[in-house]
Amino acid sequence: MSSPIQITAAPVRLLGHDFSLFSGKARAYLRHKQIPFVEGITPADRQLIQERVGRRVIPVVVTADGDCVQDTTEIIDYFERLYPERSVYPEGPWQKLVALLFEVYGDEWLVLPAMHYRWHFKRQNLAYVLKNFGNIIKPGWPRWLRPIGGLPAAMIFGNLYKPIMGRSRRNIKEIEKSYEAFLDDFNHHLEEHEFLLGTRPCVGDFGLIGPLYAHLYNDPYPGKLMRERAPNVARWVERMQQPDTFNGEFLDNDQVPDTLLPILKRLFDEQLPVLVDTLHRVGKWAADHPDAKGIPRFIGKHEFLLGDVKATRYVMPFAQWKFQRPLAHYQLLTDVQKARIDPLLDRLGGLEGLNEPVVAPLKFEDYRIRLVR
């Protein structure tokens, strides 16, 4: 067992909220590293975010020096550079690839069932959702009035995600079927392991905790579903909130448990085609805009499959930026390292996609996704 990190720095500020999906990812990471922090957000903080970041988004970490760090991957990497002990990035090449893939899966794919289960089951969730939106948006109002203050924002959020993420009436059953299969597989894995890759959480665990905590554990309907159908997953969510459980190790010998393979197979079947097509679309957009440095948040639409059902979602360059991390890691492996894992990747359906070239690389700079020119 590794020794705890001793961090005596002044607390940082986490501008976030318990109701926010990605705040849960940042919060769990800060607890894991035992980095002192104070969480909350005031009207002045919202103005600060608007001025520094250029848009109203959470979470944002404000350091003791007053710097703002935005996006959870950037937040994690910022503190990993400062405090490399007990890293969330495994050293083993196979484990690191899996950890990076699970971060992309949580950040960019499980957000679809998270949003669906929050907004589709209105009878069970709406009172809870409106209360929380009201607490965030109208904290100065009387408590009984706040849900009314949260109603306009809730109406926007409850519909906006559908065309962006590809939720339609046709694929509701497939979204639920896919998520429930994930719950079953992850629940089975957690019968034997505390986290994805052993007794220490990796960056993939933190990718998963975003959607699995704020929406799928805390919201009434999916929370009940998780506790009844996948109690080991519910206990994992609870462990991810407790820093004293994080002082373990990754599995020896770069081992990835066989119990994760069904989830990887689902990732490669469902999400990987979307990510690969995003690479193609970003490449074409960059070629069509040779003088551009920035890139829009959305660059058109593309089809995707869940089960046998086709739907349409927006093409999101941000997802490419996240996907570049496991791609770069895999493509820089030695021939010897690839020879060990390629047969399994091929069997799972991920080998071709992980060899896809990045025609138009993206970077995160000044709180924006930009083309590498």
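All of the numbers you see were taken from the coordinates with simple rules; none came from a lab. None of these values were measured; they are calculated from a predicted model. Cβ atoms come from the backbone with ideal geometry, glycine included; neighbour counts cover every protein chain shown.
Quick notes on this one:
- Model label sites at K363 and Y314, defined 7 Å from Cα along the beta-carbon direction, differ in position by 2.5 nm.
- In this rough spin-label picture, where each label sits 7 Å from Cα along the Cβ direction, the L261-R143 distance is 5.3 nm.
- Over 32 Å between alpha carbons, listed pairs K33/K177; K162/K322; K25/K177; K301/K338; K301/K363; K162/K284: K33/K177; K301/K338
- Full extension of the chain between R46 and D269 yields a length gain of 76.4 nm, computed as 0.36 nm times the residue separation minus the alpha carbon distance.
- A Förster radius of 30 Å combined with the Cβ-Cβ distance from K284 to N159 puts the calculated FRET efficiency at roughly 0.55.
- Stretch gain in nm, segment Q241-S87, where the contour uses 0.36 nm per residue and the Cα spacing is subtracted: 53.7 nm
- Distance between the 7 Å Cα→Cβ label points at E74 and E192: 4.0 nm.
- Nearby lysines by direct alpha-carbon distance to K138 (threshold 22 angstrom, same-chain neighbours under 8 apart not counted): K122
- Here the range 259-371 is treated as a sphere whose radius is the Kirkwood value from Cα pairs; by Stokes-Einstein at 20 °C and 1.002 mPa s it diffuses with a coefficient of 141 µm²/s.
- Option label - Cα extents along the principal axes in Å computed here, alternatives [x] 87, 61, 37; [y] 64, 50, 48; [z] 121, 48, 34: [y]
- Cut-off under 5 Å, modelled amide H: who pairs with G166 long-range: Y314
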